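The values are calculated or read from the model by the stated rules, or taken from the named source; none is laboratory data. Everything quoted here is computed from the prediction, not taken from an experiment. All Cβ positions, glycine included, derive from the backbone under ideal geometry; neighbour counts span all protein chains shown. Only protein heavy atoms, including side chains, enter the accessible area calculation; ligands, DNA and RNA are left aside. Shrake-Rupley method; radii C 1.70, N 1.55, O 1.52, S 1.80 Å.
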Amino acid sequence: IRANDREYNLSFKYATNSIKTSKYNPFTFLPLNLFEQFQRIANAYFLFLLILQVIPAISSLSWFTTVVPLVLVLSVTAAKDAIDDIVSTREVCCEPPNNRLDRFTGTLTFDSQKYSLDNERVLLRGCTLRNTDWCFGLVLFAGNKFRQMCGVCSGAVWFPSLILLYYYGECIFGLLALMCIILAVGNGIWENHAGSKFKAFLPREENTVFSAFLTFWSYIIILNTVVPISLYVSMEVIRLGNSYYINWDRTMYHAGSDTPAEARTTTLNEELGQIKYIFSDKTGTLTQNIMTFNKCSINGKSYGQDQSHMHHFKQSPGEMTPVDFSFNRLADPKFLFYDHSLVEGVKLELPDVHAFFRLLALCHTVMAEEKREGDLVYQAQSPDEGALVTAARNFGFVFRSRSPETVTIEEMGIQRTYELLAILDFNNVRKRMSVIVRNPEGKLSLYCKGADTIIYERLHPSCSEFAGEGLRTLVLAYKDLDEEYFSEWKQRHHESSVALEDREEKLEKLYEEIEKDMMLIGATAVEDKLQDGVTQTLEQLAKAEIKIWVLTGDKQETAENIGYSCNLLREEMNEVFVVAFALESNMELEFLRTACICKTVICCRVTPLQKAQVVELVKKYKKAVTLAIGDGANDVSMIKAAHIGVGISGQEGMQAVLSSDFSFAQFRFLQRLLLVHGRWSYLRMCKFLRYFFYKNFTFTFVHFWYAFFCGFSAQTVYDEGYITLYNLVYTALPVLGMSLFDQDVNAGWSLEYPQLYVPGQLSQYFSKRAFMMCALHSWYSSLVLFFVPYAATYDTARDNGKDGTDYQSFALITETCLTVTVCVQLGLDLSYWTVVNHLFVWGSLGMFFILTFTMYTDGLYRLRPSSFAFIGTARNCLNQPNVWLTVALTAILCVLPVVVYRFLSSQISPTINEKVRYKVCQMKEPAPRPRRTRLTRRSTRRSGYAFSHAHGYGDLMTSGRFLRRNALTCSTGLIPTGRSPGFKPTGRSAGYSPVGREQNPKQKVEPTSLQMFRAVKDSFF
C-alpha cells in the first residue's frame, strides 16, 4: 500500500472498509429472529402444537388458544432482541483488546529510511489520541478484517441454573408423554368396552388402535400447558427488572468519580446469589491505586516515616510535622513527607541524594503539561510513576518537559536538558525500564528502575525492610556507558527494531546485554492504601461462606502484608508456603486440594494468563459459581474466565469495566451487589420458578383427572377463553409482582446477617428436591380442585329447582376454584406485600370475574357462538351460596398442607431466613446501619513490590509522534545552596553489583516466620 496513491492501491481490489457488528438489519430481522426463536425447544413445540390444532380429527381446541400466547411470547422476545442488537452495536466501539490485539509487526519505508512499526503504533477503534494536535495516520485491517471484529466471539454461556432448567424441561416432556400415553391407552380400553353405547350421538372410530393414536395427539394439545411457553420471556422480564434495581441503587453510587453501579448484562442476576468463590485483584481493586511516596533508601540510609507509624509510636507533634517545601516554587502542595533529614541532604548537595532524585526525574515516561509558568500537571502511565516523579519534583529535581530527543529537568533551580538516546521500555516480563541519556557535559549514562528480584539476585536489606510494612519497593541503579560501545549497540538496536521476524526476542537480548553490571543507587517505597470499607466487605463475604482468593502480581511479602491489613490473614492462622509450578498439569489438583482447605488463598507473582488459569481450575473441579473482580487490563482474562465478571472503574482505564458483567467504582459495593441484589434476585427467581410450575402443573393435572370422566374423549375441563387467558392475564401479573418486589428481609438486615446468603450457594431454594415437592403439591391440589367441585355439584339443584350439575357450571366452578387457589398460594409465598403486589393480586382476581361475566354474555355469543358457548353460566352459577362455599373449601384444602408443613418445619428445624425474620419481628426496629470496622493491628511482616506499569509508552517518547513545547524559561524556582557536582557512588551503595557479588560484608538476616513453616515444593504459579 502507498500513501496518497489511490490508483495504485485500488489495483489490488482490497475489501471495503464497511463492517457489520449487528446481527440484523430491517430486512433480515423478522426471518432471522424467528429462526433463532424457534430453535428454542419450547417455541418449536408450540409451533408443532399449532400445526396439530388445524387437523380436525385431532384437535378439540380452537387454534387461538395456542396462537395468542405464542405470538405474544415471540413479539416480546423479538423486541428485546432488537434492543439488545442496537445496544451491542454501540458497545462494540469500546470493546477491550483481547489476546489477538497485543502484537503487530511492520515496517514503514519513507525517504529510503526504514521505521519500526509495532503494536504501539496501532490505534484500535475507540482509542483516544492525546498530547498532540495532529498526526499522520493510515487505516489498516479495515472492513471485516478489522482486528476487533476478528476478536468478537459468540456462543452460549452455560450456568448452573440454566442447566437445571434444561433438566427440568426433559422431566416435564417426559411427564407429558407419560400422561398422554396413559390417556391414549385408556381411550382404547374405553372404546372397546363402552364406546358402542354412545354410537347414536358420538361418532365412533371402529379401529380402537387408531382412535388411541389420535387421542394421544389430542391430549398432547390439551395438556400443553405443562410446558410453560411464557417461562422464558417471564424470566427475561424479571432479570431486566432486577438489573435496573442495581443501576438505580444510590448506595452503590460513588460521588467522588460520579460513577453509578451498572448491570451490563441482564442474564446473570440470580447467579449473583450463588457465588462460592471470588477471585480479586489487589492493586486498584482492594487498594486505591493512588500512590504516595513514603520512604526511600539512599546509599544504605533509610529516610521517611508515614503518619500511621507516628501515631503507633506516639511521637510528639513536632516530630509529626511534614517537611516544609516552601523553598521550592514548583513543589506540589499536596505532597507530604515527614523526614526532614532527606531535604537537608538535598540542600547539602549530597552526591548520592542528588543522583537518586536525578534518576527519578529522568527515568520515566511521564508527560508534563505547563499551561502557565509554574503550573505543572503530570500525566503518568501508572500511579507509581506519578508518585516518584512528583517526589523528585518536590525535592528539587523537577521534570519540566520532553521531546522525542530530549528531557528537560530543573536541578535545584538550574534548568538542564539531557539528550534522550534510548528508552528500554517496561513490560510484564522485564519488570523494569531504563533510559540512556547524555548529560549537558556529554557523559553517557544508563538509568534503570525496576522490581527488586529482577535487578538483583539478592535484595538489599533496606528494601526488605520497606516490604515488611506493605510498601511497594522499587530499586534504582545506574551505569556509565562508553561512547564507542553505545554507538555500536545503537546500530544493532535499530536493525532489530525494524526486523520483521523475531523482533521482540532480538530487542530483549540487546536490553539484557546493556543492562548489566549496574551500580545500586537506592530504593523507593510508595504506599497504596486500602479502599474504604474493604476490610468490612471481606469480613461480611467470609461470613457468607464465600471463599476469597486474591490473585496479584505482587511479591509474596507484599501480598501477605495486604492480607493482614484487610484481615484476610490473621495471626492465629497456620501458613502454607506454596512454591513452583502449581499450575502444571501434574500439580494442579494437588494445588487445588491444598488451596481449598485453606481459609484464605493469596496467589502472588501471577501473570494475567495465570489468573485466568486459576479461575478455570476452580470452575473445572469445584463446580461452583465463580466471580472475578478487577480494575485493569491485566484482569480482563480473569474476568472473562469467571462465571461472573465485575469491573471496577479506577485509575487504570475502562478495560476491566468493558469486559465485565457488572461494574462500579469501589470494592465495598461488592457486598451489596451479592448480599442484597444477588440474594434477592436468586430468591425471587426461585420463588417464581416454584410458583410458575405449581400453577401450570395444577392447571394441567385437572385435565388429566377429568379424562377419566369424559371417556378419554379429549374434551377440555375449562372454557377455551379461560385456557387462553390463564397464563396471559389471570396469573401473569401476580407472579411478576412477587418476582420483582419480594423480600424476605430488607437490605439492612441482609447485610447484618450475611449467613442469609448460604442457602443460595447450596441451591436450597430451587433444586431437584424442590421441583419434585412442587410437582407433588400440584398433583395434590389438582385432585382437590377436581374432586371437591365434582362432589359438591354432583346430583345437586339450584335455588330455582333446576339441575346444577351441567358441564358448563362444573367448568366455571373449577376455573373459579383454581384462580382463587393460586392467588391464595401466591399470597402465602409472598414475604413482602407492596402496593403493586396488592394491585396485581386483587386486580387479577377482579379481571377474572370481569372477563368471565363479559365472555358469558348474550352479545358475544351472538357474534361467535362456537367460541362463547357458555352463555349465562356465570350469572346462573356464581349466585349460588354453595358455589362460594365450594371455592373457599377448595382453596383451604389446597393450601392447608403447605401451611402445616411450614409451621412444623419452622418449629422443629427453622431455616436461617426464618430465624432472622423472627428476630426482626421481635426487635421491631429499623434495619441497622452497616458497621465500620477499625484496624487495630498493623503487621510487620515482609512484603515487596510488584511494578504496576503496563507495556508501551517508552517508544512513544522517542517516536516523534507528539509535540511538546520546550520548558518555559523562568526564574529560579529554588533557593539553591550551590550546584551539584557529577554523581559518583560512594559508601555502601558502591559495594553492590547486579550479579550479586557482595563487596562489603553485611550482617546475616534472620529468617522470617513465614520461612520457618513447611513448604510444599514444586508448586509455584
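Figures for the structure shown
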| item | result |
| --- | --- |
| Number of positions in region 747-764 that are at negative phi, assigned to a loop (DSSP other than H, G, I, E, B) and under 23 Å from the mean Cα position of the chain (by Cα) | 1 |
| From 658, 675, residue being open to solvent by 20 Å² or more (accessible area, probe 1.4 Å), touching a Pro at 6+ places or on another chain (Cβ under 7 Å) and not aromatic (Phe, Trp, Tyr) | 658 |
| Test: residue in region 613-625 that is open to solvent by less than 10 Å² (accessible area, probe 1.4 Å) and touching a Cys at 6+ places or on another chain (Cβ under 8 Å) | yes |
| Yes/no for residue 783 being open to solvent by 20 Å² or more (accessible area, probe 1.4 Å) and of a type in the set (A, V, I, L, M) | yes |
| Pairs where the first residue, in region 408-431, is basic (Lys, Arg) and the second is part of a loop (DSSP other than H, G, I, E, B), C-beta under 7 Å, 6+ apart | 416/440; 431/451; 431/947 |
| Total residues in region 408-431, condition of a type outside the set (S, T, N, Q) and over 17 Å from residue 356 (Cβ atoms) | 13 |
| Selected residue (criterion: farthest from the chain's Cα centre (by Cα)) from residues of region 879-892 that are surrounded by 18 or more Cβ atoms within 10 Å (Cβ to Cβ) and among the aliphatic types (A, V, I, L, M) | 883 |
| Verdict on residue 695 being charged (D, E, K, R), touching an Asp or Glu at 6+ places or on another chain (Cβ under 8 Å) and surrounded by 21 or more Cβ atoms within 10 Å (Cβ to Cβ) | no |
| Test result for residue 661, in contact with a strand residue (DSSP E or B) (Cβ under 7 Å, 6 or more places away or on another chain) and over 21 Å from residue 816 (Cβ atoms) | yes |
| Hits in region 400-409 (condition: surrounded by fewer than 24 Cβ atoms within 10 Å (Cβ to Cβ) and over 18 Å from residue 443 (Cα atoms)) | 400, 401, 403, 404 |
| Residue within region 416-424 that is part of a helix (DSSP H, G or I), among the small types (Gly, Ala, Ser) and at pLDDT 90 or above present | no |
| In region 754-763, residue farthest from residue 269 (Cα to Cα) [restricted to those that are open to solvent by 30 Å² or more (accessible area, probe 1.4 Å) and either touching a residue at least 40 places away in the same chain (Cβ under 8 Å) or acidic (Asp, Glu) (or both)] | 755 |
| Number of positions in region 507-543 that are more than 29 Å from residue 337 (Cα to Cα) and part of a helix (DSSP H, G or I) | 16 |
| Any hit, region 153-172, residues being hydrophobic (A, V, I, L, M, F, W, C), open to solvent by 70 Å² or more (accessible area, probe 1.4 Å) and modelled with pLDDT of 80 or more | no |
| In region 35-57, the residues that are open to solvent by 60 Å² or more (accessible area, probe 1.4 Å), within 17 Å of residue 77 (Cβ to Cβ), assigned to a helix (DSSP H, G or I) and of a type outside the set (Asp, Glu) | 35, 41, 47 |
| Qualifying residues in region 302-343 (those that are modelled with pLDDT of 50 or more and open to solvent by 90 Å² or more (accessible area, probe 1.4 Å)) - the one nearest to the chain's Cα centre (by Cα) | 334 |
| Region 213-249, residues that are surrounded by fewer than 21 Cβ atoms within 10 Å (Cβ to Cβ) and in contact with a strand residue (DSSP E or B) (Cβ under 7 Å, 6 or more places away or on another chain) | 247 |
| The lone exception for residue 589 - which of (1) in a loop (DSSP other than H, G, I, E, B); (2) surrounded by fewer than 21 Cβ atoms within 10 Å (Cβ to Cβ) it fails | (1) |
| Residue match in region 754-771 (condition: out of contact with any Phe, Trp or Tyr (no Cβ under 9 Å at 6 or more places or on another chain) and of a type in the set (Lys, Arg)) | yes |
| Single unsatisfied condition, residue 773 versus (1) free of Cβ contacts under 8 Å to residues at least 12 places away in the same chain; (2) under 30 Å from residue 882 (Cβ atoms) | (2) |
| Residue that is modelled with the highest pLDDT [pool: residues in region 535-565 that are polar (S, T, N, Q) and open to solvent by 20 Å² or more (accessible area, probe 1.4 Å)] | 536 |
| Filter result for residue 697 (under 30 Å from residue 208 (Cα atoms) and more than 29 Å from the chain's Cα centre (by Cα)) | yes |
| Residue tally, condition small (Gly, Ala, Ser), outside any helix (DSSP H, G or I) and surrounded by fewer than 17 Cβ atoms within 10 Å (Cβ to Cβ), over region 802-853 | 1 |
| Within region 857-875, considering residues that are touching a Gly at 6+ places or on another chain (Cβ under 9 Å) and in contact (Cβ under 8 Å) with a residue 40 or more places away in the chain, the one surrounded by the most Cβ atoms within 10 Å (Cβ to Cβ) | 870 |
| Leading residue by the ranking (farthest from the chain's Cα centre (by Cα)) among those in region 365-407 that are assigned to a loop (DSSP other than H, G, I, E, B) and without any contact (Cβ under 8 Å) to a residue 24 or more places away in the chain | 372 |
